[in-house]
Amino acid sequence: MQILVVDDNRLIREMVSAIITHEGYTPFSASGAEEAHKVLDKTDIDLILMDVEMPDINGFELTRQIRERLKEQWLPIIFLSGQTNDQHLAEGIDAGGDDYLTKPVNSVVLSAKIRAMSRIAQMKAALDEANQQLLKLTHVDPLTEAINRRGMDEALDRAWRVAQREKTELSIVLLDIDHFKSYNDNYGHPQGDECLKTFSKLLQAQLFRPADLLARYGGEEFMIILPNTPVEGAKMLADRIIIDLAKNKILHDFSPTCDHITASLGITSTRFGAKNVASLIEQTDKALYVAKESGRNQHIC
Ligand code: GH3
Ligand code: MG
Ligand code: MG
Ligand code: MG
Ligand code: MG
């Protein structure tokens, strides 16, 4: 735990810091609001021990400021106050404090409170980790590690809204592997799965910008979401993918199109008057159909 001590009194800061060090944690200190904000800018603080009476700002007010800047982020704050009345304690809790101790601070009590907060912090970390895993389970396709249909729907909705708001062009590419049924039929389903994994890796490797997203749309169909990308950029990516598939040759001896795995791609962007995400997808669907009908292993916009 990294613990920030905010107190205008240097002696108190040093004494409290000594208790923190003795408990095996790392103390940081600030003499007022400005220094406190600076420490929070640079450091991942896990707990704040906050004085109440300070010359430049009241500890309750500083707590409100910190809650405001950290929004949803969980950061426990314990007041160390000279005031012993209950009303003052209640006011501190309402200002966003989690506990309230009176000065002179008893080192045994303070150490115990720090340990209690550290226990809560550990539970919180475990909960965050579990949430992270849940998010992965619900949004990532386990076979290909691409985002799944649910993740794609959410990402596409977000990307659509950003494009509308910022008046930028959003391009999408729908890919469908050519003659994949005969690949499965001839090489077997497990090798079909391996092929999907490799295919997905090759696509991912062609995406250079962090905002670009690859999703498994279903079966052997993939969607690439390209925020803030003109359709010409999407076509260049499609060219690169086709060339890359030819270079990396996942052999498919039973494909009527080619000796290796190829894909057909439908491309569209917000430039062509789609009214919503559904009609954007419909446009790529139609383009993909044309790519299939006119011989596969090509992209159509
Ligand atoms: P086309 O060129 O017209 O796209 O022909 P196709 O054979 O690829 O099209 P079709 O939609 O008929 O076949 C898709 C096949 O993809 C059928 C199914 O067996 C296979 N498939 C879908 N999901 C998976 C999967 O998760 N693993 C494996 N191994 N195969 C899958
Ligand atoms: Mg003070
Ligand atoms: Mg298909
Ligand atoms: Mg197919
Ligand atoms: Mg088909």
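The values are calculated or read from the model by the stated rules, or taken from the named source; none is laboratory data. Every value quoted in this text rests on a predicted model; they were computed, and no experiment measured them. Note: ideal-geometry Cβ built from the backbone for every residue, glycine included; neighbour counts use all protein chains shown.
Specify which of the listed residues (S182, S264, S279) is assigned to a helix (DSSP H, G or I) and under 24 Å from A159 (Cα atoms). Explain how you work it out, then say what you get.
Values: S182 fails: under 24 Å from A159 (Cα atoms); S264 fails: assigned to a helix (DSSP H, G or I).
After applying the criteria, what remains is S279.
Taking P104, is it at pLDDT 95 or above, farther than 22 Å from K38 by Cα and more than 16 Å from ligand 4 (Cβ to nearest atom)? Quick ask: steps written out before the conclusion?
Details: at pLDDT 95 or above: no; farther than 22 Å from K38 by Cα: yes; more than 16 Å from ligand 4 (Cβ to nearest atom): yes.
No: the conditions fail for P104.
State all residues of the stretch 251-281 that are of a type in the set (D, E, K, R) and at positive phi; if no residue qualifies, say none.
The first filter runs over the stretch 251-281 and keeps only residues of a type in the set (D, E, K, R), leaving 253, 259, 271, 275.
Result: no residue meets the conditions.
From the list I225, I177, which one is at pLDDT 95 or above and within 16 Å of ligand 4 (Cβ to nearest atom)? Give the steps one after another, and end with the answer.
Values: I225 fails: within 16 Å of ligand 4 (Cβ to nearest atom).
Matching residue, one of I225, I177: I177.
Looking only at the stretch 146-165, decide whether some residue is more than 16 Å from ligand 5 (Cβ to nearest atom), surrounded by 21 or more Cβ atoms within 10 Å (Cβ to Cβ), part of a strand (DSSP E or B) and modelled with pLDDT of 95 or more.
Yes; the residues of the stretch 146-165 include at least one that is more than 16 Å from ligand 5 (Cβ to nearest atom), surrounded by 21 or more Cβ atoms within 10 Å (Cβ to Cβ), part of a strand (DSSP E or B) and modelled with pLDDT of 95 or more.
Kindly indicate which of I261, I225 is more than 17 Å from I172 (Cβ to Cβ) and away from ligand 2 (no atom under 16 Å from the Cβ). Explain how you work it out, then say what you get.
Numbers: I225 fails: more than 17 Å from I172 (Cβ to Cβ).
Exactly one of I261, I225 is more than 17 Å from I172 (Cβ to Cβ) and away from ligand 2 (no atom under 16 Å from the Cβ), namely I261.
Taking into account only those residues within the stretch 50-73 that are under 14 Å from A30 (Cβ atoms) and within 26 Å of the chain's Cα centre (by Cα), which is surrounded by the most Cβ atoms within 10 Å (Cβ to Cβ)?
Here the answer is I66.
Could you list, in sequence order, all residues of the stretch 1-49 that are out of contact with any Ser or Thr (no Cβ under 8 Å at 6 or more places or on another chain), buried (at least 18 other Cβ atoms within 10 Å of the Cβ) and among the small types (G, A, S)?
A30, S31, A33, A36
Among what's in the stretch 168-199 and is within 15 Å of ligand 3 (Cβ to nearest atom) and aromatic (F, W, Y), pick the residue that is surrounded by the fewest Cβ atoms within 10 Å (Cβ to Cβ).
To start, the set of residues in the stretch 168-199 that are within 15 Å of ligand 3 (Cβ to nearest atom) comprises 173-185, 192, 195-196, 199.
Still in the running and aromatic (F, W, Y): 180, 183, 199.
Numbers: F180: 20, Y183: 24, F199: 24.
If we take residues in the stretch 168-199 being within 15 Å of ligand 3 (Cβ to nearest atom) and aromatic (F, W, Y), then F180 is surrounded by the fewest Cβ atoms within 10 Å (Cβ to Cβ).
Do the conditions hold for S255, that is, is it within 14 Å of ligand 4 (Cβ to nearest atom), in contact (Cβ under 8 Å) with a residue 40 or more places away in the chain, buried (at least 19 other Cβ atoms within 10 Å of the Cβ) and not in a strand (DSSP E or B)?
The answer is yes for S255.
Residue by residue through the stretch 131-142, note down the ones that are surrounded by 13 or more Cβ atoms within 10 Å (Cβ to Cβ) and not β-branched (V, I, T). Show your work before the answer.
Here is the first cut: in the stretch 131-142, the ones surrounded by 13 or more Cβ atoms within 10 Å (Cβ to Cβ) are 136, 139-141.
Correct list: K136, H139, D141.
How many residues are within 16 Å of ligand 3 (Cβ to nearest atom), within 25 Å of F272 (Cα to Cα) and in a loop (DSSP other than H, G, I, E, B) if we restrict to the stretch 200-237?
0
Answer yes or no as to whether D244 is acidic (D, E) and in contact with a helix residue (DSSP H, G or I) (Cβ under 7 Å, 6 or more places away or on another chain).
Details: acidic (D, E): yes; in contact with a helix residue (DSSP H, G or I) (Cβ under 7 Å, 6 or more places away or on another chain): yes.
Here the answer is yes, as D244 does meet what is asked.
Kindly establish whether Y217 is within 14 Å of ligand 4 (Cβ to nearest atom) and of a type in the set (S, T, Y). First the steps, then the outcome.
Values: within 14 Å of ligand 4 (Cβ to nearest atom): yes; of a type in the set (S, T, Y): yes.
Considered against the rule, which asks whether it is within 14 Å of ligand 4 (Cβ to nearest atom) and of a type in the set (S, T, Y), Y217 comes out as yes.
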